[in-house]
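*Asks:* The structure that follows is given in the form of structure tokens.
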Amino acid sequence: MYHIGVVGPGQSVERILDVAREFEKELRFHPFTYKKAVETKEIVMEHKDQVDAWLFSGPIFVLMFMFLDYHPAFTQALYRVGDSITNPITPMLPYLVCYYLQPFFLTPYSSAFSGFC
């Protein structure tokens with residue numbers, strides 16, 4: 001079982017824990033709330049041996065990593081890598097495939113079958 005530390009403002013952490021109940025069999029979530037974002041560094045350093053991964057929430061993601069001595073570009077790169085994994089499963093993917101394959105299916109009867117793509 002993996003242990004995930006959820007760090008953020010109280011209301012945000014509560015919302016995450018509500019959704020996290022679906023994953024109780026595989027993951028265990030540990031809530032760590034703060035009043036000020038500056039407390040994030042203390043929370044991470046104090047509990048780093050208790051969790052396998054961190055889930056950060058709140059409006060000041062870049063500043064939080066800056067307090068942990070990470071460059072803002074590194075924070076942006078982490079976001080881009082995490083976001084790029086889900087890009088191929090966009091709802092628009094079937095339409096994009098049809099758009100790019102459409103020249104290969106052009107025939108004199110293509111207007112009759114325009115519903116294909």
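The values are calculated or read from the model by the stated rules, or taken from the named source; none is laboratory data. Values in this document were obtained by computation on a predicted structure and should not be read as measured data. For neighbour counting, all protein chains shown are included, and Cβ atoms are generated from backbone atoms with ideal geometry for every residue, glycine included.
*Asks:* Quick one: which of Ser12, Ser84, Ser57 is surrounded by 15 or more Cβ atoms within 10 Å (Cβ to Cβ) and modelled with pLDDT under 85?
*Replies:* From the options Ser12, Ser84, Ser57, the qualifying one is Ser57.
*Asks:* So which pairs qualify, if the first residue must be in segment 25-47 and touching a residue at least 12 places away in the same chain (Cβ under 8 Å) and under 17 Å from Ser12 (Cα atoms), the second must be of a type in the set (Gly, Ala, Ser) and in a loop (DSSP other than H, G, I, E, B), the Cβ gap must be under 7 Å, and the two must be at least 6 apart or on different chains?
*Replies:* Sorted first by the residue in segment 25-47, then by its partner, the pairs are Ala37/Gly58.
*Asks:* How many residues are closer than 23 Å to His3 by Cα and among the β-branched types (Val, Ile, Thr) if we restrict to segment 39-62?
*Replies:* The number of residues fulfilling the criteria is 4.
*Asks:* Being in contact with a Phe, Trp or Tyr (Cβ under 9 Å, 6 or more places away or on another chain) and either within 15 Å of Val7 (Cβ to Cβ) or in a strand (DSSP E or B) (or both) is the filter here; which residues of segment 63-77 pass it?
*Replies:* Selection gives Met64, Phe65, Thr75.
*Asks:* In addition: Take the residues in segment 8-55 that are assigned to a loop (DSSP other than H, G, I, E, B) and in contact with a strand residue (DSSP E or B) (Cβ under 6 Å, 6 or more places away or on another chain), then tell me which one is farthest from Leu78 (Cα to Cα).
*Replies:* The selected residue is Val51.
*Asks:* Additional query: If you check Met92 against the conditions, is it at pLDDT below 80 and touching a Ser or Thr at 6+ places or on another chain (Cβ under 7 Å)?
*Replies:* no
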